[in-house]
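The values are calculated or read from the model by the stated rules, or taken from the named source; none is laboratory data. Predicted model only: the values in this text are computed from it and were never measured. No Cβ is skipped: glycine too gets one built from the backbone with ideal geometry, and neighbour counts run over all protein chains shown. These accessible areas exclude ligands, DNA and RNA; they are computed on the full protein's heavy atoms, side chains included. Shrake-Rupley method; radii C 1.70, N 1.55, O 1.52, S 1.80 Å.
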Amino acid sequence: MPSQPLSRQLSIAFIVRDPLPPIRADVLTLFGAEMPRYGVRTELVGQSGSGARDPWHAGGMYEVGSLKSRFAAVLSPLWDLLGLLRARRGARPDCIQVRDKIASGLLGRWAAAWLGVPFVYWMSFPIVEGYEVRRDEIALHGKGLKWLAHAVRAAASRFVVYRLVLPGARHVFVQSEAMADWLAAKGFARSRMTAVPMGVDAELFDRARVDPVDDPRLDGRRVLLYLGRVAQARKSGFLLDVVEQLRDTMPEVLLVIAGDAPSDDEMAWMRAEIARRELGEHVLLTGWLPQRTALGYALRAEVGLSPIPRGELYDVSSPTKLVEYLALGIPSVANDIPDQALVIEQSGAGLCVPMEAGAFAGAVRRLLEDKALAAEFALRGPAYVKSHRTYAILGRIVAETYTKILPDRK
């Protein structure tokens with residue numbers, strides 16, 4: 001659907017959790033490229049990251065403070081307040097929107113009430129439940145002062161988000177339909193939520209625009225792909241379980257893990273696991289790659305893997321990697337978290353199985369051996385993404401939602 005400007009111009013003051021300039025596509029592409037097409041101007045408020053400035057045509061970026069400060073978490077709400085004051089520049093926005101922040105969510109609600117504009121919350125991750133998982137992990141090693149601090153943070157966050165922030169939001173954008181249902185079960189009105197799952201930039205993920213990487217290590221191999229971060233919390237060792245299931249009957253199999261880890265310790269853990277299992281000939285761990293290079297590796301793959309652990313944190317997520325595989329025409333195997341199950345069902349471009357090594361290995365083997373089925377999946381994927389999961393489509397949904405929930409300026 002072509003982009004058409006809305007019947008009226010809108011401006012949004014948007015407090016984000018991530019460093020500026022933004023790198024996440026659901027901020028950079030959605031609000032930097034798509035929203036301006038509809039006449040929605042976005043002023044981003046947040047803390048500076050690298051200091052580099054990407055092009056940002058939506059409005060402005062207001063960076064106050066640095067995330068590298070040891071007091072960043074404590075000072076963040078104050079910095080966000082200063083950023084709001086700078087972003088306002090004497091003009092009242094049509095709404096104040098906060099993404100994945102707790103104290104600043106409360107601040108945003110108060111600021112919106114003071115200005116007489118609606119408050120909107122954007123939840124891409126169940127951050128309260130994330131704090132509770134961290135609290136429980138610490139408890140496994142004893143309930144000392146560290147555990148107490150995390151327990152207090154988790155309890156306070158739960159009260160603020162579910163008793164103060166969300167009840168005061170005119171509307172809540174969520175990551176998936178599953179997250180909307182999850183919040184509805186907590187007592188929040190489903191009619192006040194809009195699901196905006198992860199999508200892709202159609203031009204960037206056009207297979208015809210990407211050059212396959214020239215890496216002789218992939219020659220003559222049956223290449224599998226995992227595109228994304230590795231971490232013990234994500235149960236990334238599962239990928240190695242799958243390769244172990246395949247290597248005896250398929251010695252030419254090679255899993256390319258194209259991505260980094262959140263820390264050097266996590267990357268060292270993954271390398272140690274590969275060595276311990278003697279999988280060095282069957283796993284290529286690239287580390288961080290420029291996006292175009294990572295996509296070049298993707299084009300050499302026959303099957304894409306998207307295992308996401310089940311549980312409260314991830315069941316409401318909307319993983320990007322599966323949609324990226326489909327956009328590139330890569331037949332995929334994904335497990336049954338709700339959003340992935342929905343994408344596989346609607347697209348018919350992959351296999352959805354439980355997150356069990358045997359089930360994943362069997363599905364991979366089926367795609368590698370049944371070339372007709374793999375070719376059929378490869379054709380269906382890009383067509384599905386272009387009609388359901390590009391940011392042009394998602395942008396239209398978001399823009400239309402703003403026209404419904406934001407009152408006309410008097």
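Arrange the peptides 293-304, 212-223 so that the one whose residues have, on average, the most other Cβ atoms within 10 Å appears first.
293-304, 212-223
How many nm separate the modelled label positions at ARG158 and ALA189, each set 7 Å beyond the Cα in the direction of the Cβ?
2.6 nm
Can you list the HN-Hα couplings for the range 30-47, worked out from phi with the Karplus curve (6.51, -1.76, 1.60; θ = phi - 60°), rounded to whole Hz and with x for Gly and Pro?
Per-residue couplings from phi come out as 5, 9, x, 10, 7, 4, x, 4, 9, x, 9, 9, 10, 9, 7, 10, x, 9 Hz.
Determine by what factor the alpha-carbon radius of gyration of the range 318-410 differs from 2.2 N^0.38 Å, reporting the quotient.
Ratio of Cα Rg to 2.2 N^0.38 Å: 1.36.
If I histogram all Cα-Cα distances within the range 138-272 using bins 10 Å wide from 0, what percent of pairs lands in each bin?
Percent of pairs per bin, in order: 9, 20, 26, 25, 15, 4.
Could you state the accessible area per residue of the chain in Å², with a 1.4 Å probe and every protein chain left in place?
Values: 18440 Å² over 410 residues.
Per-residue value: 45 Å².
Just reorder VAL353, VAL323 by solvent-accessible area, largest first, 1.4 Å probe, all chains present.
Numbers: VAL353 25, VAL323 0 Å².
Heavy-atom accessible area, descending, gives VAL353, VAL323.
Measuring from label point to label point, each 7 Å out along Cα→Cβ, what is the GLN9 to THR286 span in nm?
Distance between the two pseudo-spin positions: 4.2 nm.
Which percent of the accessible heavy-atom area of the chain goes to carbon and sulfur, probe 1.4 angstrom?
On the way: 9960 of 18440 Å².
C and S atoms contribute 54 percent here.
Ordering ASP94, ASP408 by accessible area with a probe of 1.4 Å, largest first, what comes out?
ASP408, ASP94
Would you mind calculating the gained length between THR401 and ARG134 on full extension (0.36 nm times residue separation, minus the Cα-Cα distance), in nm to one decimal?
92.7 nm
Using a Förster distance of 35 Å, how high is the FRET efficiency between LYS146 and ASP219, based on the Cβ-Cβ distance and rounded to 0.05?
Details: r = 50 Å, r/R0 = 1.42.
Efficiency for this residue pair is about 0.10.
Using only DSSP helix segments of four residues or longer, with each worth -39500 (n - 2.57), what per-residue ellipticity at 222 nm results for the chain after dividing by its residue count and rounding to 500?
Values: 15 runs with 172 residues, N = 410.
Using -39500 (n - 2.57) per qualifying helix, the result is -13000 deg cm²/dmol.
Kindly rank 270-282, 141-153, 19-31 from highest to lowest mean number of other beta carbons found within 10 Å of each residue.
By packing density, highest mean first, the sequence is 19-31, 270-282, 141-153.
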